Amino acid sequence: MRAVVCTDFESSEVKEVETPAPGPGEVLIEVSRVQLSVTECMLYRGTEIAHHDEVARRIRESNGGAQLFGHEFCGRIMAVGEGVDAYAESDRVYAPGKPYCGECTYCRSNHQHLCDDITSLGFDCPGALAEYVRMPVEPLCTLPDSVSDAEGAALQPMASSVLCTLDADVEPGDTVVVIGAGVMGYQCALLADRFGAGTVYTVDVRNRPLELAEQNGVKAIDATETDVVEAVNKATDGIGADVVFEAVGGDQSHATEGGEPIAQAFEVVRRGGTVVQVSHIEGEIDLLPRYLRSKSIRWINPRKGVVAIQPGTDTGRLAADLVADGEVPIEDYITHELDGLEEFETAVDITLNKDEYDALGPAQLVLD
């Protein structure tokens, strides 16, 4: 099979590699589409963020290059290993979860999402930047027929957005503010609205994401024209928002002083309110703990992976159903589709420089 192989940071090629065979409890998936996360693209360019040490080790220890990245994908099962009963050949699937060890205290107590020995697809093992990917069945979820391949490849972050929104404990009638209308910020805003919030505001500096938010029932605040804190205080009689999602992340310097996104989130939230940290903060950040204490703020770092909601569903299935029913139109952010693995480098560039390419979400690679 053909696969993208990274020979170093910022160095890759498409090579012929051996097609893996599924072992017990595993399946072999023919990849239909794959998209790169911003984190993967930053890692490829050498940024020292989460998974950097593992990526560097795999490149260093590889013989001719490592198969890296590609955890956001969809495909069709081509072969099943021994003991696999829940999936069959030709099933369409995506991977909202991560393989867990099954042996640690968390796994034994049915808290697999907290496993301290999780295997990260595309970092600890080969991902879906290839014609085929081998995976254990635990992280997988089937796709409804009405979900397109383009939507299927974009569903993994949607499943994470569902978990972020559930962990926010949005109550009926809540005022919710989402700072940053990227992929997950946009999804969290729409999900908060669908989950019963009274009024949802999304904050950004770009026109297109704000227009899309308004088209889907969310109030837009253009941060280039409006003082966000002032606008929210005015709308809430000076109380502030019940829940704030910080969905910008990146390199920020201070969490409780100044006007950067996370500081803005802590300022705009009401006393006793909740701030959900959707995006990753790069490096270290200063904060004044007494500020958070004095406002009794809950600063939530949401759970990861797939979590059961009710006996009949989990966050991965709910994400797929919400997209299938048209409740959260994630295809709005699929703006660039490229043909084949050879376009990997272009996909990286588009995903990291969206404004330059007039892109909203990551570029997708379409595999025949």
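Within the range 293-306, restricting attention to residues that are closer than 16 Å to VAL170 by Cβ and touching a residue at least 40 places away in the same chain (Cβ under 8 Å), the residue that is surrounded by the most Cβ atoms within 10 Å (Cβ to Cβ) is PRO302. The residues of the range 1-57 that are of a type in the set (Val, Ile, Thr), touching a strand residue (DSSP E or B) at 6+ places or on another chain (Cβ under 7 Å), assigned to a loop (DSSP other than H, G, I, E, B) and more than 25 Å from TYR100 (Cα to Cα) amount to a single one, VAL17.
Restricting attention to the range 119-142 and to residues that are out of contact with any Asp or Glu (no Cβ under 7 Å at 6 or more places or on another chain) and outside any loop (DSSP other than H, G, I, E, B), the residue that is most open to solvent (accessible area, probe 1.4 Å) turns out to be CYS125. When ASP145 is tested against (1) open to solvent by 10 Å² or more (accessible area, probe 1.4 Å); (2) not hydrophobic (A, V, I, L, M, F, W, C); (3) not in a loop (DSSP other than H, G, I, E, B), only condition (3) is not met. Checked against the criterion of being free of Cβ contacts under 8 Å to residues at least 24 places away in the same chain, open to solvent by less than 30 Å² (accessible area, probe 1.4 Å) and farther than 13 Å from VAL268 by Cβ, the candidates ASP222, ASP237, ASP174 yield just one match: ASP222. Within the range 196-211, does at least one residue satisfy the condition of being outside any helix (DSSP H, G or I), closer than 30 Å to GLY75 by Cβ and touching a strand residue (DSSP E or B) at 6+ places or on another chain (Cβ under 8 Å)? Among the residues of the range 196-211, not one is outside any helix (DSSP H, G or I), closer than 30 Å to GLY75 by Cβ and touching a strand residue (DSSP E or B) at 6+ places or on another chain (Cβ under 8 Å), which makes the answer no.
The values are calculated or read from the model by the stated rules, or taken from the named source; none is laboratory data. None of these values were measured; they are calculated from a predicted model. Counting neighbours? That spans all protein chains shown, and the Cβs are built from the backbone with ideal geometry, glycine included. Side chains included, ligands, DNA and RNA excluded: accessible areas come from the protein's heavy atoms. Shrake-Rupley method; radii C 1.70, N 1.55, O 1.52, S 1.80 Å.
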